[in-house]
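Enquirer: Please read through the structure below; I'll follow up with questions.
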Amino acid sequence: MAGVTKTVVPQPVRSAVEELLHGSAHTVSASAVRVFGAVEIAVGLGLLIPAARAAVGVAVIGLGAVFALAGAAGWRRRSALPCGCLGGGPYPLGARNVLVGAAFVALGVLDIAAVPTAPASGTRAPAITAAAMVLFCLWLHRRLAWRLLRPSARPDAT
């Protein structure tokens, strides 16, 4: 859901990251936030592909490290702007992001360690569970999902 949120509504993340870069010549475009959101979505979908689990586990570790570092920077600098992270919400970059990032790193490591040497056959439980969770998240965030499917006609600031 975090990837979908960043793809549909990039401005909160953009503003929060620019707050961290205050005084820097760097700016963050809405397109860059959307690309990051698309990467999050791709990594989530990649976890459903058994042959890609080890590579995707590395990507999960990378995403977790980015989340934790951004959260630590926000915590250190007392970030005040809501980042819209973790599927939206009024929270700035901080301790929540550090904890979620650390959990991603740990889960990525576990996912890599759990890759079987021989492919398992006959089990559809992971795919069914994942599909049910995607449908549940889409239902919970149906307004955001609808905005993704039917973007407004007005151009977004980049």
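The values are calculated or read from the model by the stated rules, or taken from the named source; none is laboratory data. Predicted model only: the values in this text are computed from it and were never measured. No Cβ is skipped: glycine too gets one built from the backbone with ideal geometry, and neighbour counts run over all protein chains shown. SASA here: full protein model, heavy atoms, side chains in, ligands and nucleic acids out. Shrake-Rupley method; radii C 1.70, N 1.55, O 1.52, S 1.80 Å.
Enquirer: With the other protein chains left in place, how much accessible area per residue, in square angstrom, belongs to segment 18-78 at a 1.4 angstrom probe?
Expert: Accessible area per residue, segment 18-78: 60 Å².
Enquirer: Something else now. How much length is gained if the chain between L69 and V35 is pulled fully straight, taking 0.36 nm per residue apart and subtracting their Cα-Cα distance, in nm to one decimal?
Expert: Extending this stretch completely gives an extra 10.4 nm.
Enquirer: Right, next: Could you give the size of the charge dipole of segment 12-115 about its Cα centre, using +1 on the Cβ of each K and R and -1 on the Cβ of each D and E, expressed in debye and rounded to the nearest 20?
Expert: 180 debye
Enquirer: Regarding segment 3-55, what's the average projected area of the Cα-atom convex hull, expressed in nm²?
Expert: Here the figure is 4.3 nm², rounded to one decimal.
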